Amino acid sequence: MIEVRDLVYEYPAKRALEGVSLVVPPQTIVALVGPNGAGKTTLLRCLAALEPPYSGVVTIDGLDTREHPREIHTRLGYLPDFYGLYDELTVRRCLTYAAWSHGIVVTAVEGAIAKAAERVGLSDRMESKAGELSRGLRQRLGIGQAIVHEPKVLLLDEPAAGLDPQARRDLSVLLLSLREAGMTLVVSSHILAELEDYCSEMIIIENGRVAGGRPIKVKDVDRPRYLIEIATARSDFGKFLKDAGVDVVEADEHHALIIHTRNAAARAKLLHDLVTAGFEVSSFGESSKALEETYFSQIGKRTA
Amino acid sequence: MGPEFRRNLWLELTPRRVVFMIAILALVFFAAAVSGPSWTPYSAAETIYYLIVVIWGARNAGLSIVNEIRDRTWDLQRLSSISAAQMTLGKLFGSTIYNWFGGAICLTVMLVYGFAHGTPGSTILDLIYYVIVGLVAQAAALLASLVAIRRRSAHSRLDVFLYQFLGVVAAIAVAYVWEAADPESALLLGRKSSDVIPWWGAVVSARPFLLLSLAIFAGWILAGCYREMRRELKMQNGPLVWAAFLVFTGLYVAGFDAWLPHEAVMANWNVVALRLALASTTFAALTYVMVLLEPKDRVLYRWYASRIASGGVGLALWGLQAWIMSYGATVLVSLALIWWLFAQGYGAFYPAIAVAGLGFLTRDVSIFVFSSATRRRGDFVAIVALFALYVLIPAILDGVGLKSMLPLFYPTPSNPVWLGPAIVWGEAIVAVAFAVSRVALGGKRVASGSWQS
């Protein structure tokens with residue numbers, strides 16, 4: 001659905017993106033993460049066909065952003081990190097304007113705004129002015145405006161910023177429902193913990209490049225991440241695991257973060273092999289902070 | 001009616017505001033009607049029209065996009081399916097619909113008053129003029145804001161005042177031109193009014209000619225707004241409209257050869273030379289205006305170079321900036337003028353001045369590109385540099401008795417005649433080299449964590 005090849009983007013005095021390549025399959029939710037100023041927003045704006053690449057190619061649903069920006073806009077919804085609403089208009093009028101401005105035919109406008117309002121849970125607030133809504137409800141209205149025309153691709157820049165825990169949970173549910181409805185979502189976020197709730201892949205952007213050179217699977221039911229700790233330091237800890245055919249994300253003398261099958265027998269065998277090899281295993285369990293650990297393990301790695 | 005216009009109707013024409021406008025204007029016209037002969041409803045309507053439609057309307061038009069940027073809704077509009085024409089008209093007439101509502105009441109009063117006093121023909125022409133002056137003021141303010149947002153995203157109150165000011169200046173220019181055909185106003189200003197205007201050798205009736213000219217230039221301003229809006233909506237413009245504007249402006253201005261002071265510097269020039277000189281000067285002026293207004297985008301110039309290097313000359317030409325096209329037109333017409341002057345046996349004096357003028361233009365645009373390619377306030381630096389080159393240094397040289405060096409700083413005769421142009425082109429080549437190196441080499445690095453993404 002989204003394909004980026006060797007994307008380079010330059011501001012007059014600096015290069016913001018350098019050789020970014022990625023593929024986002026249809027009906028997935030991919031997270032863009034990275035430090036402040038890494039280039040996430042610039043990348044999202046390039047995906048939204050708002051900024052033309054200096055070089056490289058960005059295609060959305062098979063259309064080149066440089067050649068067909070307007071066609072792409074009809075298939076795309078985008079909510080920037082700092083977005084605005086027409087505070088003096090009611091929710092109904094905000095959604096109506098969004099529907100009109102996306103070219104929805106007059107006879108279909110009422111249905112479109114009712115559906116969008118229902119999806120984002122604003123059906124009972126249609127006559128409230130946008131300026132009177134809470135932060136969480138404003139976020140929902142922003143997303144409602146972005147999806148009123150049923151886009152194929154939805155780009156959200158820091159949608160969870162400033163939301164309370166309940167609103168974040170609601171947001172996760174909403175994003176999953178949009179994916180189920182057939183949309184492809186790219187979400188930029190700083191909050192790693194919640195990405196596991198709805199993302200299938202994570203792309204780390206650092207210094208304008210994809211750290212590690214490829215996306216990282218956020219959650220794999222069959223092959224989760226495990227954290228192994230040993231009581232006595234061993235410099236060959238990582239090497240032993242790799243030699244045993246284990247997918248090692250990161251390892252030092254005391255810890256190893258691995259991706260391994262959930263199969264009980266396979267885990268028991270690995271544990272047995274470790275103990276047999278003299279490693280004093282003090283902990284072996286599914287990592288609760290796997291995403292965060294993966295993130296920090298990738299920061300600093302660059303595309304070859 | 002486009003979505004943007006309808007949204008503005010929701011926001012601008014609320015019942016309370018409509019009633020307020022009607023009540024205030026009714027009070028004003030009633031006061032004018034009862035206050036005596038010096039202040040009539042017509043003169044009150046005229047004054048209020050200027051206040052509401054020209055001054056306030058220009059402000060609202062200048063704010064129409066700036067407010068979207070401030071309120072962070074502009075990106076959402078840019079991503080919509082609203083066409084450039086709908087967005088332009090929606091912004092221009094939607095943001096000023098309340099002003100036009102008040103203005104329509106004023107025009108109605110003027111119309112009724114004019115018909116009641118037995119001057120229907122003149123009143124109708126006046127009404128057309130008033131609509132044009134309002135349209136020009138608002139469209140010029142919108143155009144100024146559209147040009148400005150290409151250069152930067154932050155807009156202060158001063159910036160908005162500047163857009164409004166430019167709109168009002170455009171309106172004053174329209175009013176000034178209109179007065180040339182208005183015997184009463186011209187008399188009051190101590191100028192000679194004229195019923196006829198010589199243009200392209202023909203003598204045309206002033207009032208219809210000026211009205212048509214104003215309408216056409218209002219159309220060009222609207223076309224400018226439309227093109228800038230297309231650019232904002234990520235649509236490619238192509239060079240044809242600007243090329244058409246250059247051709248139109250060159251031909252329009254060249255027709256005023258009869259207005260030039262034949263007895264002074266251009267003694268004995270024939271009509272072709274005069275018209276070529278007028279056209280080339282117009283193009284040079286447009287080059288300066290556009291090189292100041294357009295962003296000197298280093299990335300864009302590199303993109304031109306990379307397209308040309310990869311054989312995509314057509315693609316690069318299709319994306320040419322207006323100042324580059326204006327510069328090209330200046331060079332072409334100036335070369336034609338130089339050739340014509342030689343062919344007609346005018347000697348080397350005038351051609352040398354024209355060659356020097358081209359050299360100065362080349363140097364100056366290079367200074368703009370060099371200064372602005374990597375700096376935010378590069379245009380200001382370029383203007384200061386040009387002020388020093390054209391005013392300060394010549395004044396100092398003149399003061400210390402070095403007048404012979406003046407050809408270095410502006411087109412003046414030199415001895416030998418080609419020495420001045422040769423030196424100027426030396427300056428121009430150095431300036432071009434600096435500009436090209438700044439565009440090609442400077443600042444191309446991958447930044448670290450401190451970037452603004």
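The values are calculated or read from the model by the stated rules, or taken from the named source; none is laboratory data. Just so it is clear, the structure is predicted and the values come from calculations on it, not from any experiment. As a convention, Cβ positions derive from the backbone with ideal geometry for all residues, glycine included, and neighbour counts pool all protein chains shown.
Quick notes
- Every condition in (1) surrounded by fewer than 16 Cβ atoms within 10 Å (Cβ to Cβ); (2) hydrophobic (A, V, I, L, M, F, W, C); (3) within 14 Å of chain B (Cβ to nearest Cβ) is met by A:V173 except one, and the failing one is (3).
- Single match in A:V186, A:V218, A:V248, A:V210 (criterion: among the β-branched types (V, I, T) and in contact with a Gly (Cβ under 8 Å, 6 or more places away or on another chain)): A:V248
- Enumeration of residues in the range B:28-57 that are in a helix (DSSP H, G or I), over 36 Å from the mean Cα position of the chain (by Cα) and among the small types (G, A, S): B:A31, B:A32, B:A33
- The residue that is farthest from A:Y9 (Cα to Cα), among those in the range B:419-453 that are at pLDDT below 80 and not small (G, A, S), is B:L441.
- Test for B:G314: is it in a loop (DSSP other than H, G, I, E, B), over 25 Å from B:V430 (Cβ atoms) and free of Cβ contacts under 8 Å to residues at least 12 places away in the same chain: no
- Set A:G144, A:G121, A:G103, A:G111: member being in contact (Cβ under 8 Å) with a residue 12 or more places away in the chain, more than 9 Å from chain B (Cβ to nearest Cβ) and either surrounded by fewer than 17 Cβ atoms within 10 Å (Cβ to Cβ) or assigned to a loop (DSSP other than H, G, I, E, B) (or both): A:G121
- Residues of the range A:1-59 satisfying the condition of being touching a helix residue (DSSP H, G or I) at 6+ places or on another chain (Cβ under 7 Å), in a loop (DSSP other than H, G, I, E, B), at the interface with another protein chain (Cβ under 8 Å from one of its Cβ atoms) and not hydrophobic (A, V, I, L, M, F, W, C): A:P12, A:Y54
- Checklist (1) over 25 Å from A:S101 (Cα atoms); (2) within 14 Å of chain A (Cβ to nearest Cβ); (3) in contact (Cβ under 8 Å) with a residue 12 or more places away in the chain applied to B:E4, failing item: (1)
- Within the range A:179-206, restricting attention to residues that are surrounded by fewer than 20 Cβ atoms within 10 Å (Cβ to Cβ) and among the aliphatic types (A, V, I, L, M), the residue that is modelled with the highest pLDDT is A:A181.
- Answer from B:W318, B:W339 - the residue that is away from chain A (no Cβ under 14 Å), loosely packed, with under 15 Cβ neighbours inside 10 Å and under 28 Å from B:L278 (Cα atoms): B:W339
- Flag if B:G102 is closer than 30 Å to A:I147 by Cβ and either in a helix (DSSP H, G or I) or away from chain A (no Cβ under 14 Å) (or both): no
- Residue within the range B:164-172 that is part of a helix (DSSP H, G or I), β-branched (V, I, T) and over 24 Å from the mean Cα position of the chain (by Cα) present: no
For every residue, the table says whether it meets (1) at pLDDT below 90; (2) over 15 Å from the mean Cα position of the chain (by Cα); (3) closer than 30 Å to B:S81 by Cβ; (4) not in a helix (DSSP H, G or I).
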{"residue": "B:P198", "(1), (2), (3), (4)": "yes, yes, no, yes"}
{"residue": "B:L210", "(1), (2), (3), (4)": "yes, yes, no, no"}
{"residue": "B:A223", "(1), (2), (3), (4)": "no, no, yes, no"}
{"residue": "B:R227", "(1), (2), (3), (4)": "no, no, yes, no"}
{"residue": "B:M235", "(1), (2), (3), (4)": "yes, yes, yes, yes"}
{"residue": "B:W242", "(1), (2), (3), (4)": "no, no, yes, no"}
{"residue": "B:L246", "(1), (2), (3), (4)": "no, no, no, no"}
{"residue": "B:H262", "(1), (2), (3), (4)": "yes, yes, no, yes"}
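- Elements of the type strands (runs of 3 or more DSSP E) sitting completely within the range A:192-280 and holding at least 2 residues that are farther than 30 Å from A:V173 by Cβ: these cover A:225-230, A:247-251, A:255-259.
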